[in-house]
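Here the structure is laid out as structure tokens; the discussion comes afterwards.
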Amino acid sequence: MTLVDSKQPQGHTKLSARKPAVFVDGEAGTTGLGIRQRLDAQDDVAVKSIAPEKRKDANAKRALMEEVDVVVLCLPDQAARETVAVIDGMGNAAPKVLDASTAHRVAPDWVYGFPELAPGQADKIRTARKVSNPGCYPTGAVALIRPLVDAGLVPADYPITINAVSGYSGGGKSMIAEFEGGTGPSFELYGLGFEHKHLPETQLHAKLTRRPIFVPSVGDYRQGMLVSVPLHLDTLPGAPGGGDLHAALAKYYAGSTYVEVMPLDNAATKSGRLEPEALNDTNMLELYVFGSEKYHQALLVARLDNLGKGASGAAVQNMRLMLELD
């Protein structure tokens, strides 16, 4: 069996390794590459890799997984399920698993990997054997909606609409090739069949009982994301103002390292504009509230890097919690 360990000599196991070890299964994909780049900059984690010619060798992969503390899955959904089935059969030798696919984000026996989701969520991730890494769009949408539902400002059955735009890197290899090859459109809506794969995840973790309408779109730029939720304030219980929504979000995320609720009086408020790329290559998530007392309307907006807090950055944040390195 040919294994490559970029941090430690071969032959170390998770019982004897000085550093906790991680295997990124699918490190050649967009999310996997982002995770690997982040891990290469950290000196307290050993990253193990399997040689390219052994990637489809089930025995080689199982042997490698027995040597590590956490396996990060950056695979298509079915391949992720198959790998988890192997891990489930490994008994005491099984590593913890962090799945970046869509396969387990609404599974009841998995912990949702959004540490800021609710009080105690980071502790749940820290002690979990199985963690599902959130999707990029749901990260923004859930971050905006969940605190307001918990606070009683937005009813769980409210007819929510979510609009979002992402850079093309979130669309996988074919979409990336299309845009970087010059054949992609300047902008397009997609997922217009009401069956986008992020909807079940968004509804569940935002604690919505009514399925939201989700309108995703993609622009001709590589990465960066805006997720927006418009609200008619006079249709909400007690007709709250924009300041009430902002106060609820600020209280919810007080002290958070990676989620920042922006002041009501900010540059975007003054200019009336907000662009999606400002947080690229970070793990930050910014939340905005734009309100109009005159029209009794508000717009909630989340800004993040779809490859950062929306994918690779969140995965590394979760992995460090799982390894108790936070």
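Structure summary
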{"read-out": "Any pair with Cβ under 9 angstrom, 6 or more apart, that starts in the stretch 101-119 at a residue that is surrounded by fewer than 16 Cβ atoms within 10 Å (Cβ to Cβ) and ends at one that is part of a strand (DSSP E or B)", "value": "VAL106/TYR112; VAL106/SER132; ALA107/LYS130; ALA107/SER132; ASP109/LYS130"}
{"read-out": "Answer from PHE214, PHE187 - the residue that is open to solvent by 60 Å² or more (accessible area, probe 1.4 Å), touching a Gly at 6+ places or on another chain (Cβ under 8 Å) and not basic (Lys, Arg)", "value": "PHE187"}
{"read-out": "Any chance ALA298 is open to solvent by less than 20 Å² (accessible area, probe 1.4 Å), touching a residue at least 60 places away in the same chain (Cβ under 8 Å) and touching a helix residue (DSSP H, G or I) at 6+ places or on another chain (Cβ under 6 Å)", "value": "yes"}
{"read-out": "Of the criteria (1) of a type in the set (Gly, Ala, Ser); (2) free of Cβ contacts under 8 Å to residues at least 12 places away in the same chain; (3) open to solvent by less than 30 Å² (accessible area, probe 1.4 Å), which one GLY193 fails", "value": "(3)"}
{"read-out": "Residue in the stretch 214-223 that is at pLDDT 95 or above and over 23 Å from MET175 (Cα atoms) present", "value": "no"}
{"read-out": "Those residues of the stretch 120-167 which are over 23 Å from GLY238 (Cβ atoms), of a type in the set (D, E, K, R) and either in contact (Cβ under 8 Å) with a residue 40 or more places away in the chain or open to solvent by less than 10 Å² (accessible area, probe 1.4 Å) (or both), in sequence order", "value": "ARG126, LYS130"}
{"read-out": "Selection count, the stretch 36-56, where residues are without any contact (Cβ under 8 Å) to a residue 24 or more places away in the chain, closer than 17 Å to CYS74 by Cα and not basic (Lys, Arg)", "value": "1"}
{"read-out": "Among the candidates GLY291, GLY272, GLY255, residue that is over 19 Å from the mean Cα position of the chain (by Cα), closer than 20 Å to ALA118 by Cβ and open to solvent by 30 Å² or more (accessible area, probe 1.4 Å)", "value": "GLY255"}
{"read-out": "Unmet criterion (only one of (1) part of a helix (DSSP H, G or I); (2) of a type outside the set (Asp, Glu); (3) open to solvent by 30 Å² or more (accessible area, probe 1.4 Å); (4) closer than 22 Å to TYR252 by Cβ) for GLY170", "value": "(4)"}
{"read-out": "Matching residues, the stretch 173-184, being exposed (fewer than 10 other Cβ atoms within 10 Å of the Cβ) and either in a loop (DSSP other than H, G, I, E, B) or at pLDDT 90 or above (or both)", "value": "GLY181, GLY182, THR183"}
{"read-out": "In the stretch 185-227, the residues that are outside any strand (DSSP E or B) and either of a type in the set (D, E, K, R) or touching a Cys at 6+ places or on another chain (Cβ under 7 Å) (or both)", "value": "GLU195, LYS197, GLU201, LYS207, ARG210, ARG211, ASP220, ARG222"}
{"read-out": "ALA80 vs. criteria part of a helix (DSSP H, G or I), surrounded by 14 or more Cβ atoms within 10 Å (Cβ to Cβ) and modelled with pLDDT of 95 or more", "value": "yes"}
{"read-out": "Single residue of the stretch 228-251 satisfying the filter (in a loop (DSSP other than H, G, I, E, B) and not aliphatic (A, V, I, L, M)) that is nearest to VAL149 (Cα to Cα)", "value": "PRO237"}
{"read-out": "Selected residue (criterion: surrounded by the fewest Cβ atoms within 10 Å (Cβ to Cβ)) from residues of the stretch 29-63 that are part of a helix (DSSP H, G or I) and hydrophobic (A, V, I, L, M, F, W, C)", "value": "ALA58"}
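The values are calculated or read from the model by the stated rules, or taken from the named source; none is laboratory data. None of these values were measured; they are calculated from a predicted model. Glycine gets a Cβ as well: all are built from the backbone with ideal geometry, and neighbour counts include every protein chain shown. Heavy atoms of the whole protein, side chains included, go into the accessibility calculation; ligands, DNA and RNA do not. Shrake-Rupley method; radii C 1.70, N 1.55, O 1.52, S 1.80 Å.
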